[in-house]
Amino acid sequence: MAEFGALIFPTDYAMHPVALAKAIEERGLDSLFFPEHTHIPASRRTPYPAGGDLPKEYSHTYDPFVALAACAGATERIKLGTGICLVVERDVLTLAKEIASIDRISGGRFILGIGAGWNAEEMENHGVEYKHRWKVVREKILAMRELWTKEEAEFHGEFVDFDPVWSNPKPVQAGGPPILMGATSKWSYDRIAEYCDGWLPIAGLDEGHIPEIEKALINRGRKLSDMMMAMFGVPPDEAFIEAKLADGFNHFVFGLPPEGEDTVLPLLDQYAVIAEKMRP
């Protein structure tokens, strides 16, 4: 069955994350996603990918794991996800612990949307070279899989290297929460097939990629039907959603502006009506 949720930059001036999570659950929607930036370097050397000035919300977001943990404690049903987590900017042992913790606290409701990021100087401040970002992501994801599934986990790579460790608690979801790739380049196909459980593109940037993702999955003995096919920035357009359902997408994440309740709640009401109509 198709699922419907929302994504917002959880800023210090927008609707409170917990109030938003409660409102989403009350309206029968299925999920809430938060993006992240640990900081924005003042140099602004890397241009904003969408063009123009970088929006204010990029430098005002709460930490997504702190905010989502608060939402987990205030809700019972909705899924809680990162859209996306900048894996390159986080210590792998700490990140594995954070994810396992929030998955347990939420009762197995966490979704890990991942990416490498676009802001070169941001990741440089975390000690990661831009040219290596996807190699770092791969090793950290593979290492976390070990930490979530092995009683004594170890990993030895170029960027991640540790001898056997104990890392508990384990996630509620077997093998760890679903990992969704939030990227759309031609190099993403094999990355999705190798170490992800699904795809999380921006609406409008998904065209033409699914056949290539399917080929990459088949090459690794996997099936597209087993993947979580989500999309964020979905417009409130029933015809658009119908078309994407036919393409194989099964989780639709509407966008919300980082504004107060007067702006956000009417949009949630609109999205809830669409979700009710589009569910089979």
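Readers should treat all values here as calculations from the given coordinates under stated rules, not as data from a laboratory. Small disclaimer: the values here were computed from a predicted structure and weren't measured. All Cβ positions, glycine included, derive from the backbone under ideal geometry; neighbour counts span all protein chains shown.
Structure notes:
- Using distinct alpha-carbon pairs, which all enter the 1/r mean, Kirkwood radius of the stretch 156-280 in Å: 16.9
- Proximal lysines relative to LYS56, as straight alpha-carbon distance under 29 Å, when same-chain residues fewer than 8 apart are discounted: LYS22, LYS79, LYS131
- Coarse-grained scattering of the stretch 31-120 at q = 0.13, 0.19, 0.22, 0.25 Å⁻¹, given as base-10 log I(q)/I(0) from a Debye sum over alpha-carbon atoms: -0.46, -0.88, -1.08, -1.29
- Cα radius of gyration and Dmax for the stretch 220-273 (Å): 14.2, 49
- Listed residues PHE254, PHE159, PHE232, most fluctuating in the chain (Gaussian network, C-alpha, under 10 Å): PHE159
- Mean residue ellipticity at 222 nm, helices only, the chain: -11500 deg cm²/dmol; runs of at least 4 DSSP H residues each add -39,500 (n - 2.57), and the sum is divided by the number of residues.
- Shown here: the chain, whose C-alpha atoms stretch 51, 44, 38 Å along the first, second and third principal axes, sorted largest to smallest.
- Summarising the label geometry, the points placed 7 Å from Cα in the beta-carbon direction at ILE202 and ASN125 lie 2.1 nm from one another.
- Mean Kyte hydropathy of 0.0 or more with a Cα span along the axis of at least 20 Å, helices from DSSP in the chain: 261-278
- In a DSSP loop and with at most 13 other Cβ atoms within 10 Å, the GluC sites (Glu not before Pro) in the stretch 121-169 are GLU129, GLU151, GLU152, GLU158.
- Candidates LYS244, LYS140, LYS56, ranked by Gaussian network fluctuation over the chain, Cα under 10 Å, top entry: LYS56
- Qualifying GluC sites (Glu not before Pro) in the stretch 29-92, DSSP loop, other Cβ atoms within 10 Å at most 13: GLU76
- Computed log₁₀ I(q)/I(0) - Debye formula, equal Cα scatterers, no solvent, the stretch 59-193, q 0.11 Å⁻¹: -0.39
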